[in-house]
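Here's the structure, in structure tokens; my notes come after.
Read-outs throughout are calculated quantities, based only on the coordinates presented, and are distinct from any laboratory measurement. Please read these numbers as outputs of a predicted model, since none were measured by experiment. Note that we place each Cβ from the backbone using ideal geometry, even for glycine, and neighbour counts take in every protein chain shown.
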């Protein structure tokens, strides 16, 4: 078979590659959810709630997972019957409920210990510098998806009011987190941070520009 002289667009081939990785991740999720006696959507809900101490509303859960609200409602009801999540009424609206992970839910989530799945092992097989480059590339892709309204704003450093990119001259730790008042490096960039507070649109845009360009951003409130 002759090799095509004009391969498909680079972006298309990268998407193909990401699709293969997504397939491996789905297989990992099915195996892990089966071990926990759940389905992948239920497992994803537990993972989403695990880092949200105040819980989340059903609408927000559906939006973050990219599923319909009825699907999220059914999955939450199943988790509640199993005693893995708790629901409580929101004080501002009696019709609304907030969903929180229960202690049993955390046990189910981490019941298989800290074993690495196939995707994590594949990442760990890369040299450290390539792992860091991949992380930053993914953060930038997620940022663009957010700008297209393809996904909700994520709890990443680059969207947080406490994040100051390239605030320090130290190449190993150029960024600053005002929440903990400490410098940190590229490999420490987070995609889901429990202390995240979304910056206002203007600050968020300035921070993104600085992060992408690799230069210092204006201090918060400037």
**OP:** Between 172, 80, 195, find the one with the highest GNM mean-square fluctuation for the chain; connect C-alpha pairs within less than 10 Å.
**Re:** 172
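Taking square-rooted eigenvalues a ≥ b ≥ c of the alpha carbon gyration tensor, is the chain rounded, prolate or oblate, where a/c under 1.5 means rounded and, failing that, a/b exceeding b/c means prolate?
Note, shape of the chain comes out oblate.
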Subject >> Computed lengthening from residue 131 to residue 212, 0.36 nm per intervening residue step minus Cα-Cα distance >> reply: 27.4 nm
Original post:
Using a simple spin-label model with points 7 Å from Cα along the Cα→Cβ vector, what separation in nm is obtained for residue 168 and residue 107?
Top reply: 4.1
Subject >> Computed [θ] at 222 nm, deg cm²/dmol, the chain (DSSP H ≥ 4; -39,500 (n - 2.57); rounded to nearest 500) >> reply: -15000 deg cm²/dmol
**OP:** For segment 12-109, report the translational diffusion coefficient in µm²/s to the nearest whole number, using Stokes-Einstein at 20 °C, 1.002 mPa s, and a Kirkwood Rh over Cα pairs.
**Re:** 151
Original post:
Gap in Å between the Cα centre of segment 184-202 and the Cα centre of segment 28-77?
Top reply: 22
Subject >> Largest-first ellipsoid semi-axes for segment 130-222, taking √(5λ) over the Cα gyration tensor eigenvalues, angstrom >> reply: 18, 16, 12
